[in-house]
Amino acid sequence: MKIPDWLSQSTPCPCCAISVGGKKNYVEKTLVEIAGMMEHSIFSEKYSSAKGFLQSIDPRVKLITILLLIVTTSFIKKTELILGIYAVTLFFAYLSKVDLFFFIKRVWLFIPIFSGMVVFPAMFNIVTPGEPLVTFVHFDKIVHFWVFQFTEISITKEGALGALLFISRVATSVSLIVLLTLTTRWADVMKSLRTLGVPQIFVLVLSMTYQYIFLLVRIVQEMHLAKKSRTIKTNRTREGTKKEQNWVASRIGTVLMKSYKMSEEIHSAMVSRGFHEEIKSHETFKIKNIDRVWTVFSLAFITGVIWLNYLV
Amino acid sequence: MHIPDGYLGPITWIALWIVMIPLWIIASRKLKKDLKTKNVPLLAMGAAFSFVIMMFNVPIFGGSTGHAVGGTLIAIVLGPWAALIAVSVALIIQALFFGDGGITAIAANCFNMGVVLPFVGYYIYRLISVNADINSSRHWIGAGIGSYIGLNVAAIFTGFEFGIQTILYPAVNGKFQYFMYPLNVSVPAMAFEHLLVFGFVEAIVTLMVVRYLQQTDPSLLGLSARTTSTERIPAGVSV
């Protein structure tokens with residue numbers, strides 16, 4: 001029997017997609033985005049269950065090598081080497097059957113908004129003096145502004161190169177961590193943290209938090225939907241803002257009370273199932289030959305990059 | 001305020017890891033003693049709450065919105081050491097799974113938002129609300145002032161960590177290596193936006209939630225005080 005299209009399509013959260021006469025406001029968009037991101041990118045395990053290269057690596061080995069690569073990226077000061085690490089990251093994303101367009105989009109979507117805005121003024125001679133590439137304005141006398149003084153406004157070579165180094169380092173680090181979480185089930189990431197010496201209690205709190213975030217996001221979505229379905233029009237007057245603030249505060253308070261109550265119930269549930277401080281986890285990971293090959297390759301790669309950075 | 005990878009040079013982020021590791025150990029020991037088996041679900045819910053609170057956008061003047069970190073609020077309800085762990089866990093999840101905040105910068109972010117913010121906020125709150133009746137307005141006034149100052153001190157710390165990069169890693173051939181603005185730019189820039197915008201968001205959220213809890217469930221506000229005085233939560237405390 002063929003499943004009808006509408007049944008096989010999954011939208012982030014159909015209940016919140018209901019828009020009652022008018023466009024969605026910022027809060028709803030954010031909520032739908034977060035819920036969608038969690039369900040699609042993390043809970044769906046679309047890439048982590050694919051039969052790609054990185055998926056076949058032991059999660060502990062993968063976690064340690066990728067973290068080492070991120071640390072290495074932080075030390076490297078040559079832009080071409082960082083771009084080299086980025087190229088290798090893209091190559092392994094490809095080998096791990098990750099859709100490259102999705103991968104690049106996921107990393108680069110937020111970089112221009114935050115790091116791009118931070119680095120943009122530093123490209124100009126006002127912050128980074130140097131050889132001008134493009135000059136926009138030239139003044140006859142020295143202009144004083146805040147703590148800066150300048151006679152022209154131009155983009156400098158040094159500023160542009162610095163910005164390239166900065167952005168490529170940010171993008172490569174984000175790409176590496178995204179690649180790790182895309183190709184590894186989150187439960188395995190959590191378990192692997194143990195091998196880094198993170199205490200068991202911390203790992204347990206982390207993994208429980210991760211699951212309950214999802215539940216709390218649902219509760220928040222329902223609160224917004226409940227309010228929206230009972231509101232005809234929001235007035236943007238002073239009184240409207242005050243009401244809105246009251247509403248937000250009361251909902252945060254309610255979420256806090258709910259969380260607290262829930263933590264007691266969870267505690268009772270855990271104790272009644274035999275929980276008493278000590279936590280045992282089943283280690284099912286086994287080091288295979290491919291893990292050894294990968295470890296040797298990553299260590300050689302890291303050594304090579306450091307050698308090129310410091311000694312050549 | 002989430003510092004990404006690549007903003008801080010190795011000296012700064014390694015130093016902050018060295019500061020944070022003992023603090024995490026002290027915090028977990030303290031909680032283990034105070035809360036026993038209860039700490040796992042309580043901290044997990046605290047961390048999940050800290051994550052979710054960042055989703056509520058609060059309208060402020062001029063039609064703009066902003067969100068709160070909630071560090072002081074969690075410290076008022078769960079105590080500052082529990083807030084340290086709860087905010088840290090939320091930040092680690094954001095760094096690992098959402099690419100929000102860097103991996104090398106986890107310790108720096110946990111220091112600013114998980115140590116400086118809740119501890120400053122909490123102790124100012126305690127100072128103002130000491131011996132106050134549970135319905136006293138000193139509770140919400142203290143919470144508002146505490147969270148405002150806490151957030152701003154945390155922002156100044158962040159600006160300082162940014163600003164010292166130009167001293168630790170001076171530009172090579174005119175090309176900057178890490179964060180590129182000097183202290184006299186980074187600190188005022190961070191302080192400015194937090195003093196004028198985010199500080200008020202944090203204060204409004206914290207004081208209004210504390211007022212709401214005073215009216216609906218004051219036992220939550222007395223909780224952290226009771227924990228420190230009797231070293232454990234009485235079994236009968238429920239919501």
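The values are calculated or read from the model by the stated rules, or taken from the named source; none is laboratory data. Owing to the predicted nature of the structure, the values given are computational and were not obtained by experimental measurement. Every residue, glycine among them, receives a Cβ derived from its backbone with ideal geometry; neighbour counts consider all protein chains shown.
On the basis of being within 11 Å of chain B (Cβ to nearest Cβ) and buried (at least 18 other Cβ atoms within 10 Å of the Cβ), does A:ALA171 make the cut? Yes: the conditions hold for A:ALA171. Listed by first and then second residue, the pairs with beta-carbon distance under 6 Å, at least 6 apart or on different chains, first residue in segment A:243-271 and more than 7 Å from chain B (Cβ to nearest Cβ), second among the charged types (D, E, K, R), form an empty list.
Where helices (runs of 4 or more DSSP H) fall wholly inside segment B:132-239, the ranges with 1 or more residues that are at pLDDT 85 or above, buried (at least 22 other Cβ atoms within 10 Å of the Cβ) and within 13 Å of chain A (Cβ to nearest Cβ) are B:137-163, B:165-168, B:183-193, B:199-216.
Scan segment A:253-274 for residues that are over 13 Å from B:ALA48 (Cβ atoms) and crowded, with 16+ Cβ neighbours inside 10 Å and jot them down. Listed by number, the residues that qualify are A:GLY253, A:THR254, A:MET257, A:GLU264, A:HIS267, A:MET270.
Matching residues to (1) touching a His at 6+ places or on another chain (Cβ under 8 Å); (2) closer than 11 Å to A:LEU179 by Cβ; (3) surrounded by fewer than 16 Cβ atoms within 10 Å (Cβ to Cβ); (4) not polar (S, T, N, Q):
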{"position": "A:VAL71", "(1), (2), (3), (4)": "no, no, no, yes"}
{"position": "A:THR79", "(1), (2), (3), (4)": "no, no, no, no"}
{"position": "A:ALA87", "(1), (2), (3), (4)": "no, no, yes, yes"}
{"position": "A:PHE92", "(1), (2), (3), (4)": "no, yes, no, yes"}
{"position": "A:ASP99", "(1), (2), (3), (4)": "no, no, yes, yes"}
{"position": "A:PHE103", "(1), (2), (3), (4)": "no, yes, no, yes"}
{"position": "A:VAL107", "(1), (2), (3), (4)": "no, yes, no, yes"}
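Scanning segment B:92-108 for residues that are out of contact with any Asp or Glu (no Cβ under 8 Å at 6 or more places or on another chain) and either within 11 Å of B:ASP5 (Cα to Cα) or not in a helix (DSSP H, G or I) (or both) returns B:ALA95, B:GLY99, B:ASP100, B:GLY101, B:ILE106.
Considering only segment B:94-113, I want to know if a residue exists there that is aromatic (Phe, Trp, Tyr) and without any contact (Cβ under 8 Å) to a residue 60 or more places away in the chain. Yes. Please count how many residues of segment B:93-127 are touching a Ser or Thr at 6+ places or on another chain (Cβ under 8 Å) and small (Gly, Ala, Ser). Of the residues in segment B:93-127, 4 are touching a Ser or Thr at 6+ places or on another chain (Cβ under 8 Å) and small (Gly, Ala, Ser).
Inspect segment B:52-75 for any residue being modelled with pLDDT under 85 and closer than 30 Å to A:GLY274 by Cβ and give the result as yes or no. Yes, segment B:52-75 contains at least one residue that is modelled with pLDDT under 85 and closer than 30 Å to A:GLY274 by Cβ.
Residues that are at pLDDT 90 or above and β-branched (Val, Ile, Thr) number at least 1 in the following helices (runs of 4 or more DSSP H) confined to segment A:16-106: A:59-75, A:79-95. The single residue among B:GLY142, B:GLY146 that is in contact (Cβ under 8 Å) with a residue 12 or more places away in the chain and within 24 Å of B:VAL187 (Cβ to Cβ) turns out to be B:GLY146. Quick check: anything in segment A:216-223 within 11 Å of chain B (Cβ to nearest Cβ) and outside any helix (DSSP H, G or I)? No, every residue in segment A:216-223 fails to be within 11 Å of chain B (Cβ to nearest Cβ) and outside any helix (DSSP H, G or I).
For the structure I just gave you, tell me whether B:VAL89 is within 26 Å of B:ASP5 (Cβ to Cβ) and of a type outside the set (Lys, Arg). Taking the combined requirement at face value, the residue satisfies it.
Kindly establish whether A:GLU158 is touching a strand residue (DSSP E or B) at 6+ places or on another chain (Cβ under 6 Å) and in a helix (DSSP H, G or I).
Criteria met by A:GLU158.
For the condition on the phi < 0 side of the Ramachandran plot, assigned to a helix (DSSP H, G or I) and under 19 Å from the mean Cα position of the chain (by Cα), A:VAL170 qualifies. Is it the case that A:PHE75 is surrounded by fewer than 17 Cβ atoms within 10 Å (Cβ to Cβ) and in contact with a Pro (Cβ under 8 Å, 6 or more places away or on another chain)? Yes: the conditions hold for A:PHE75. Answer yes or no as to whether B:ILE85 is in contact (Cβ under 8 Å) with a residue 24 or more places away in the chain and over 24 Å from B:SER28 (Cβ atoms). For B:ILE85, the condition - in contact (Cβ under 8 Å) with a residue 24 or more places away in the chain and over 24 Å from B:SER28 (Cβ atoms) - is not met. Within segment A:178-215, the only residue that satisfies the criterion of being of a type in the set (Val, Ile, Thr), farther than 30 Å from A:ASP99 by Cα and not in a helix (DSSP H, G or I) is A:VAL198.
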